[in-house]
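Asks: I'd like to ask you about the structure that follows.
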Amino acid sequence: MQRTNIADIVKNEEKEVELYGWVHARRDHGKLVFIDLRDRSGLCQVVFGPEVAGAPDLRLEYVVHVTGTVKARPERMVNEKIATGRYEVSASKLEILNTVSQIPFPVDTDGYDINEETRLAYRYVDLRRERLKNNLVLRGRVTKFIRDFLAERGFLEVETPDLTRSTPEGARDYLVPSRIAQGNFYALPQSPQQYKQLLMVGGIEKYFQIARCFRDEDTRGDRQPEFTQMDLEMSFVDQEDVMRVNEEMLIALVQAIAPEKKIQEIPFPRITYREAMERYGTDRPDIRNDKNDPNLLAFCWVVDFPFFEKSDDGGWTFTHNPFSAPKPEFMDDLMAGKNVSDILTTQYDVALNGFEVGGGSIRNHQPEALKAVFRIMGFSDERVQANFGHMIEALGSGAPPHGGIAWGLDRFIMLLAGEPNIREVIAFPKTGDGRDPMMGSPAEVDRKQLDELGLEIIKKIKKS
Ligand code: ASP
């Protein structure tokens, strides 16, 4: 099959081309039938004379194979709105590859006005609209850029498991029942945090992953039950090293992928947590000096977060990550459990236009320091052993100093694309209440499947 992408007809004037795609628009002028033909690369006009069989039968979204000759359009017929608008294809042959029984909604608009539930139920049609296609193209370019950038700097992409173990201290886990060990459950990872630290113990030194994370939280505009992180960890580094490589990557990425965007300030300004709360009332400040400029990206780092905050039951809990190290000058207080409210962590968050797009820290690489964190949180030795024994043991087996970061990749791409929520930059997102109306998930399973897992549904709690 000798296929020409539609965008490439501009390089094929007076040549015969074979085009494959969808009927995007159709104008029947009696003798002549015009269509806009669409493939992933773009649109072009195709003209069918009466000699081409089948043309009057064409309907929107039919899938076709057109053979024809690329012609320059006369000057007054040029369509500046499309990239191929100086040309059209004069068809000599038409093959209809598939017809359409119905399409649920038009795909030649931006689609914002279409009910989102319907868009998600027919996402495979929705994805044909240019806006969504462009978002996926952008997403693909961003992940490719990250992979190339990090690989060039010696980072190794490593996959970590999706079936892991529940750690009750984080957000709510998604659980997966075990068939072989009935009554036991895997948990889907909330992030690869522990695995990436274990990779550092394993001598990998520079790791990254475009990682899927799962959190069973009530979803909000920019949250999804499963989401993607650019996750990274490095050995033998301090806070500045991790921040530097991330800042360099963010700048290079924006310049390469979204050159129309302007980064407000380089190097990224740094704000302490306290200053951010005092000046902006939030720890992800929007420091844009012109909020009307859709092309302005105002990155900033937020640093010097308190390590602990009071939990609901009056004890202490971590603000970000129990595996973080305190800033070096607070290590003595951490070990002694003194002045707990004043201990600052090495946590660094990167905020962009009022959204947190990344966060990370240097970790406690010595087991005693990690134990001290849990001691401050009031955990008994048994509880630490039961939930984090593997981490304590790993740190005691020759763990190098290490630290890392994760970006909320969906959110970052949403901001690059100028979209109002992350669902617009995810191919198959869930609804706000965690459903996939296309696949019909979540769904009941067969009695037999429950039996194999040793599970019984004893009551269904109806959520109003
Ligand atoms: N694992 C952390 C998170 O999920 C990020 C990090 O500290 O690297 O937010």
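The values are calculated or read from the model by the stated rules, or taken from the named source; none is laboratory data. Just so it is clear, the model here is predicted, and its values are computed rather than measured. Quick reminder, even Gly has a Cβ in these numbers, built from the backbone with ideal geometry, and neighbours come from all protein chains shown. Calculation scope for accessible area: heavy atoms of the full protein, side chains included, ligands and nucleic acids excluded. Shrake-Rupley method; radii C 1.70, N 1.55, O 1.52, S 1.80 Å.
Asks: What residue, among those in segment 328-349 that are within 11 Å of the ligand (Cβ to nearest atom) and not charged (D, E, K, R), is farthest from Gly314 (Cα to Cα)? Let's see the steps before the verdict.
Replies: Residues of segment 328-349 that are within 11 Å of the ligand (Cβ to nearest atom), as a first pass: 345-349.
Okay, now just the ones that are also not charged (D, E, K, R), so 345-348.
Values: Thr345: 20, Thr346: 24, Gln347: 23, Tyr348: 26 Å.
So the residue we want is Tyr348.
Asks: What do you reckon, is Arg119 of a type in the set (Lys, Arg), closer than 30 Å to Gln102 by Cα and part of a loop (DSSP other than H, G, I, E, B)?
Replies: Judged against the criteria, Arg119 is not a match.
Asks: Between Ile461, Ile362, Ile376, Ile457, which is open to solvent by 20 Å² or more (accessible area, probe 1.4 Å) and in contact with an Asp or Glu (Cβ under 8 Å, 6 or more places away or on another chain)?
Replies: Criteria check complete, one pass: Ile362.
Asks: Evaluate segment 255-278: report whether one residue or more is within 16 Å of the ligand (Cβ to nearest atom) and either without any contact (Cβ under 8 Å) to a residue 24 or more places away in the chain or not aliphatic (A, V, I, L, M) (or both).
Replies: yes
Asks: Tell me the helices (runs of 4 or more DSSP H) entirely within segment 277-395 that contain at least 2 residues that are of a type in the set (A, V, I, L, M) and out of contact with any strand residue (DSSP E or B) (no Cβ under 9 Å at 6 or more places or on another chain).
Replies: Those helices (runs of 4 or more DSSP H) span 331-336, 381-395.
Asks: Out of segment 423-439, which residues are open to solvent by 40 Å² or more (accessible area, probe 1.4 Å) and farther than 19 Å from Leu175 by Cα?
Replies: Passing the criteria: Phe428, Gly432, Met438, Met439.
Asks: Is one or more of the residues making up segment 211-223 among the polar types (S, T, N, Q), open to solvent by 10 Å² or more (accessible area, probe 1.4 Å) and more than 13 Å from Gly404 (Cα to Cα)?
Replies: Of the residues in segment 211-223, the ones among the polar types (S, T, N, Q) are 219.
Still in the list and also open to solvent by 10 Å² or more (accessible area, probe 1.4 Å): 219.
Filter once more, so that each one left must be more than 13 Å from Gly404 (Cα to Cα): 219.
Yes, segment 211-223 contains a residue that is among the polar types (S, T, N, Q), open to solvent by 10 Å² or more (accessible area, probe 1.4 Å) and more than 13 Å from Gly404 (Cα to Cα).
Asks: Can you tell me which condition Ile251 does not meet? The list is (1) within 16 Å of the ligand (Cβ to nearest atom); (2) under 23 Å from Ala211 (Cα atoms), and all the others hold.
Replies: (1) is the only condition that Ile251 fails.
Asks: Here are the criteria: (1) at pLDDT 95 or above; (2) open to solvent by 40 Å² or more (accessible area, probe 1.4 Å); (3) within 16 Å of the ligand (Cβ to nearest atom). Tell me which single one Gly396 does not satisfy.
Replies: It is condition (3) that Gly396 fails.
Asks: So Ser166 clears everything in (1) over 18 Å from Phe323 (Cβ atoms); (2) more than 19 Å from the chain's Cα centre (by Cα); (3) surrounded by 15 or more Cβ atoms within 10 Å (Cβ to Cβ) except one condition, right? Which one?
Replies: The number of the failed condition is (1).
Asks: Could you figure out which of (1) open to solvent by less than 20 Å² (accessible area, probe 1.4 Å); (2) out of contact with any Pro (no Cβ under 9 Å at 6 or more places or on another chain) isn't true of Asp290?
Replies: (1)
Asks: Could we say that Lys133 is assigned to a strand (DSSP E or B), at pLDDT 95 or above and either closer than 30 Å to Met439 by Cα or touching a Ser or Thr at 6+ places or on another chain (Cβ under 7 Å) (or both) here?
Replies: No, not satisfied.
Asks: When only residues in segment 404-422 that are open to solvent by less than 20 Å² (accessible area, probe 1.4 Å) and within 16 Å of the ligand (Cβ to nearest atom) count, which is farthest from the chain's Cα centre (by Cα)?
Replies: For segment 404-422, the residue satisfying everything is Gly404.
Asks: Among the residues of segment 93-110, are any over 30 Å from Ala427 (Cβ atoms) and among the aromatic types (Phe, Trp, Tyr)? Give the derivation first.
Replies: Taking segment 93-110 first, the residues over 30 Å from Ala427 (Cβ atoms) are 93-94.
The next check asks that each one be among the aromatic types (Phe, Trp, Tyr); those that pass are none.
Looking for residues that are over 30 Å from Ala427 (Cβ atoms) and among the aromatic types (Phe, Trp, Tyr), one finds none in segment 93-110, hence no.
Asks: Further question on the same structure: When Asn321 is evaluated against the numbered criteria (1) over 16 Å from Val201 (Cα atoms); (2) away from the ligand (no atom under 16 Å from the Cβ), which criterion, by number, is the only one it fails?
Replies: (2)
Asks: Does Ile204 satisfy the condition of being open to solvent by 40 Å² or more (accessible area, probe 1.4 Å) and either within 22 Å of Glu159 (Cβ to Cβ) or within 14 Å of the ligand (Cβ to nearest atom) (or both)?
Replies: Details: open to solvent by 40 Å² or more (accessible area, probe 1.4 Å): yes; either within 22 Å of Glu159 (Cβ to Cβ) or within 14 Å of the ligand (Cβ to nearest atom) (or both): yes.
Judged against the criteria, Ile204 is a match.
Asks: Return the residues of segment 344-362 that are out of contact with any His (no Cβ under 7 Å at 6 or more places or on another chain) and of a type in the set (Val, Ile, Thr); say none if nothing qualifies.
Replies: Thr346, Val350, Val357, Ile362
Asks: Out of all the residues in segment 9-28, which are open to solvent by 50 Å² or more (accessible area, probe 1.4 Å) and in contact (Cβ under 8 Å) with a residue 12 or more places away in the chain?
Replies: Listed by number, the residues that qualify are Val10, Glu13, Glu14, Lys15, Glu16, Trp22, Arg26, Asp28.
Asks: I would also like to ask the following. Cβ-Cβ distance below 9 Å, separation of 6 or more or different chains: which pairs start in segment 389-405 with a residue that is free of Cβ contacts under 8 Å to residues at least 40 places away in the same chain and end on one that is within 16 Å of the ligand (Cβ to nearest atom) and open to solvent by less than 20 Å² (accessible area, probe 1.4 Å)?
Replies: Ile392/Leu370
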